[in-house]
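The values are calculated or read from the model by the stated rules, or taken from the named source; none is laboratory data. Since the structure is predicted, the reported quantities are computational estimates derived from the model, not experimental observations. All Cβ positions, even for glycine, are placed from backbone atoms using ideal geometry, and neighbour counts span all protein chains on display. Protein only, heavy atoms only, side chains kept; ligands, DNA and RNA dropped before computing areas. Shrake-Rupley method; radii C 1.70, N 1.55, O 1.52, S 1.80 Å.
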Amino acid sequence: MVIELRGKQVILDRNLANLYWVQTKHLKQAVRRNWNRFPIDFMFELSHEEFINWRSQFVTSNLEEDNNDTMWLRYAPFAFTEHGVLMLANILKSEQALHVSIEIVRYFVQLRQIVPVLEELKWMIHDLKLTTWEHDELIKQLCFDVQKLFHHSEEQNNREKRRKIWFQTK
C-alpha cells in the first residue's frame, strides 16, 4: 500500500479511497476543489513515465474486483505523502477519514523509526560481505598453500622411491 516514488513514501489515491470508503473519482474531485491545500510535498500526480511503469504491473485496465471504479487504470493517480493524507482527511470530513488518517500517520511514524535501523543493517551487511570476501581470500590462500605442501610432499616421496629403485642393496 505504501510505495516509494520520487524518494518519498506515498499512498496512491485508489488505496486511500478504499480506506476512506469513497470512490476514487470523489476523492479526486475533493482534492481538485481544494487544490491550494495540497502543495507538491503533500501530493503529486504521477508523471506519464511513472504512470506507465505503475500501470504495467497490472494485466488489465478493467474493473478491479475490490474497487467500484470502472477502468481505474486509465488515469494517472495522485500520490499522497503523510501530510497529504492528513490534509485529505480534513477536506473529506468524515469519521472514517479521521480514523483512517490517524492510523496512517501512526504507520508513517513507525516507518520513519524503522528507516535508521534498516540503514544500520545495510551497513552491517556491507561490512559482513567485506569480511566474508577477506575470509574467502584467506581460505583460497590456505588451500593453495596446502596443495603446495601436498605436491612438495609427493615430490619428496617420489624422489625417495626413485632412490630406492636405483640404489637397492642386498
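Before moving on, here are some points about what is shown:
- The single condition from (1) modelled with pLDDT under 85; (2) under 25 Å from the mean Cα position of the chain (by Cα); (3) closer than 18 Å to ARG32 by Cα that GLU103 fails is (3).
- For LEU130, the conditions (1) under 22 Å from the mean Cα position of the chain (by Cα); (2) at pLDDT 80 or above; (3) in a helix (DSSP H, G or I); (4) not β-branched (Val, Ile, Thr) all hold with the exception of (1).
- Tabulated pairs, the stretch 111-126, first under 19 Å from GLN9 (Cβ atoms), second open to solvent by less than 80 Å² (accessible area, probe 1.4 Å) and in a helix (DSSP H, G or I), C-beta under 9 angstrom, 6+ apart or interchain: LEU111/GLU82; ARG112/GLU82
- Per-region count, the stretch 1-35, residues open to solvent by 40 Å² or more (accessible area, probe 1.4 Å) and assigned to a helix (DSSP H, G or I): 9
- Against the conditions (1) surrounded by 12 or more Cβ atoms within 10 Å (Cβ to Cβ); (2) at pLDDT below 80; (3) not in a loop (DSSP other than H, G, I, E, B), ASN68 satisfies every one except (3).
- Residue that is surrounded by the most Cβ atoms within 10 Å (Cβ to Cβ) [pool: residues in the stretch 75-102 that are aromatic (Phe, Trp, Tyr) and closer than 16 Å to MET1 by Cβ]: PHE80
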